[in-house]
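Structure first, commentary second.
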Amino acid sequence: MDMYTLFFFIPLVWFTTMFMIEAGSVVMIPLCRYENYRQEMLSVTGAMWAIIATSLVYLVVSLDTIYAPIMVATGQALYGLLLSLIILLALHHFLIGTAEGAGSLGEHDREKLYLTIAVPIVLLVALFGVTLFTSVFSGYGIGLSIPLTTLATVLEKNELTAVLHQNPWIGVFYPNYVQMFFNPFNWVFFIGVVFYVVYFTVAFYGIRERFLVGALALTLAHALFLASTYVWLPTVFNSAIGNAGFWLFFILTYVWLYLATFKNIPFRQMWTVLLTFTGGMMFGAFTGGYILVDTTGPTLKALGLPGVPAVLLETNPVTLAAGAVVLGMAGILVMGGVTAVSYKILYKRAVSAQKQKVVAK
């Protein structure tokens, strides 16, 4: 797999993992019956907005740097979905910020109301994000304006990047939003993500009372991920089941759930994030760097390709080499610096304020 394609998965998986923290917390806050967990969730949620917003910008910059030749063509196919996702994410953060403000003023009824409204919004953000992901990798909902045979010829001659450079406005893709949303792969994978977020939240907060819920959710998530990739992304499925690292990760998810909920493990939240981030990067490696697999694979199979190789869509090598250094430095600041600042200033300050309230009572 091309190293730049794998590099792109770093900001993608990081953003997804950070959003999992916030999404799981927002959904669980109105439902959680245990006040100690609920207060921690509120503190974490208030600290996540800066990390998520910065990570999203870093993801877009990485996409533009690595895959500059197809930015216009990609925008033609995904502009509606991307615009809706950004609007929903902004509304989601507005509701969380408003709820946090109401809570700081002691208006807990309004706080609960805004957080309750935020639940369907965060689910919509997740659905739109998963739809974007599944569409790019499966090809569902992304139509080709050129015949597949022509695409195969261009790929065989390694001319795709040159064509897009010469005419970036060429109409290669067009959207079919009905198919993009309403295809079985998208919904099976999305439900799998929902179950994984339930597991992730139980482990992240160490909710011992919900250990069995977390174990059941994890089992369903694994089953749905394996079933969906077996049917619609066979490249990922075959790479996973034949890789010892995947089975180690599979076992570790169950072991970690037990340790996180029943044992007082130092840095529990960090290890939960690291495990999920590792799993996401493994998924990226298992794709082999191929996109539009299910819709183009049958035609491109004659070339020995399971889909369109992402490496053929990359920026020229000189720009990539220079851009990788800049992206690497930016990644340290985004994933390290912003996270550290958010933890120190936003999360720790919220925890300290909560402790002071308890003492005052």
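The values are calculated or read from the model by the stated rules, or taken from the named source; none is laboratory data. It should be emphasised that the depicted structure is a prediction, and the values quoted were computed from it without experimental measurement. Neighbour counts are summed over all protein chains in view; Cβ atoms, including those assigned to glycine, are modelled from backbone coordinates with ideal geometry.
Picking from residues in segment 44-80 that are touching an Asp or Glu at 6+ places or on another chain (Cβ under 7 Å) and buried (at least 18 other Cβ atoms within 10 Å of the Cβ), the one that is nearest to Y140 (Cα to Cα) is Y67. Among the residues of segment 33-51, is there at least one that is at pLDDT below 75 and not in a helix (DSSP H, G or I)? There is at least one residue in segment 33-51 that is at pLDDT below 75 and not in a helix (DSSP H, G or I). Figure legend. Inter-residue proximity from segment 90-102: first residues over 14 Å from G129 (Cβ atoms), second residues among the charged types (D, E, K, R) and in a helix (DSSP H, G or I), beta-carbon distance below 6 Å, spacing 6+ or different chains. Indicated pairs: A99/E111; A102/R110; A102/E111. Looking at segment 61-88, which of its residues are within 25 Å of V326 (Cα to Cα), modelled with pLDDT under 85 and either of a type in the set (K, R) or assigned to a helix (DSSP H, G or I) (or both)? Across segment 61-88, the qualifying residues are D64, A68, P69, I70, M71, V72, A73, T74, G75. Scanning segment 50-80 for residues that are among the hydrophobic types (A, V, I, L, M, F, W, C) and more than 15 Å from the chain's Cα centre (by Cα) yields A50, V61, I66, A68, I70, M71, V72, A73, A77, L78.
In summary, helices (runs of 4 or more DSSP H) completely within segment 217-312 and bearing 3 or more residues that are among the aliphatic types (A, V, I, L, M) occur at 234-241, 244-262, 268-286.
In segment 225-244, how many residues are among the hydroxyl-bearing types (S, T, Y), in contact (Cβ under 8 Å) with a residue 12 or more places away in the chain and over 15 Å from G280 (Cβ atoms)? Qualifying residue count, segment 225-244: 2. In this structure, does I117 turn out to be farther than 17 Å from Q39 by Cα and either of a type in the set (V, I, T) or out of contact with any Gly (no Cβ under 7 Å at 6 or more places or on another chain) (or both)? Criteria met by I117.
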